[in-house]
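Below: one structure, written as structure tokens.
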Amino acid sequence: MTGEWLRLFLALPLGIFREELHEILAVLKKEIHGVRWVPPEQIHLTIHFFGNVPRENVKGLCAIMNAVSANTRPVVLNLKGIGVFPDMKRPGVLWAGIENPSGNLEKFVRSVRSEVETLGYEIERRPFIPHATLGRVKSLPPEVPFDKTLSELHLPLPSIIRTIDRFVLYRSEIHPAGAVHEKVSEFPFRQTV
């Protein structure tokens, strides 16, 4: 259908961490109120947010991302710490930090950004901070300092290293209850021999 626009983003799927994310969210939900939590099956590591893209551009975009994936080895990740954007005094997004012991995540992100920019899309200029959004803060009780609450939680953050073998182009639809993500295409990373 000509003229149709899709709200798209590229991300590493984090379903491989689903069990750990369930445990973390269970603790956070009990202790922190006024947050709209992301369902564990929707949690991902965003690589690039496109915004609205004409449907007819998706095929070409996928061809470029297939080339990127063919030149990228699987990405090794583990969950590391909990944080907020923009800061503890004005928390807007609550996230789980992500480490990359294999060291290739930053190179992969630079490669994606470079290709995206050559296609004419605007790229993020801020430094890349690997994270998975757990929830969006809607309102917090003013009498409870958020940083104190967060530091007192005993979160189950096991040092489990997992390998991500693909990245995904998602379509995001905004609904009153939150965004719903649908897989448009996936791009397997080059397997080591």
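Coordinate-derived values only; no laboratory data. It should be emphasised that the depicted structure is a prediction, and the values quoted were computed from it without experimental measurement. Don't worry about glycine lacking a Cβ; one is built from the backbone with ideal geometry, like all the others, and counts go over all protein chains shown.
For the reader, a short list of remarks on this structure follows.
- Test: GLU106 is part of a helix (DSSP H, G or I), surrounded by fewer than 17 Cβ atoms within 10 Å (Cβ to Cβ), of a type outside the set (Lys, Arg) and out of contact with any Phe, Trp or Tyr (no Cβ under 9 Å at 6 or more places or on another chain): no
- Test: residue in the range 35-44 that is of a type in the set (D, E, K, R), part of a strand (DSSP E or B), touching a residue at least 12 places away in the same chain (Cβ under 8 Å) and surrounded by 14 or more Cβ atoms within 10 Å (Cβ to Cβ): no
- Leading residue by the ranking (farthest from LEU6 (Cα to Cα)) among those in the range 165-178 that are within 13 Å of the chain's Cα centre (by Cα) and among the aliphatic types (A, V, I, L, M): VAL168
- The test for being surrounded by fewer than 17 Cβ atoms within 10 Å (Cβ to Cβ), closer than 17 Å to THR46 by Cα, acidic (Asp, Glu) and within 14 Å of the chain's Cα centre (by Cα) holds for GLU99.
- Lone qualifier among ASN57, ASN78, ASN52 - being part of a strand (DSSP E or B) and surrounded by 16 or more Cβ atoms within 10 Å (Cβ to Cβ): ASN78
- Tally of residues being out of contact with any Gly (no Cβ under 8 Å at 6 or more places or on another chain) and touching a residue at least 40 places away in the same chain (Cβ under 8 Å) across the range 68-88: 12
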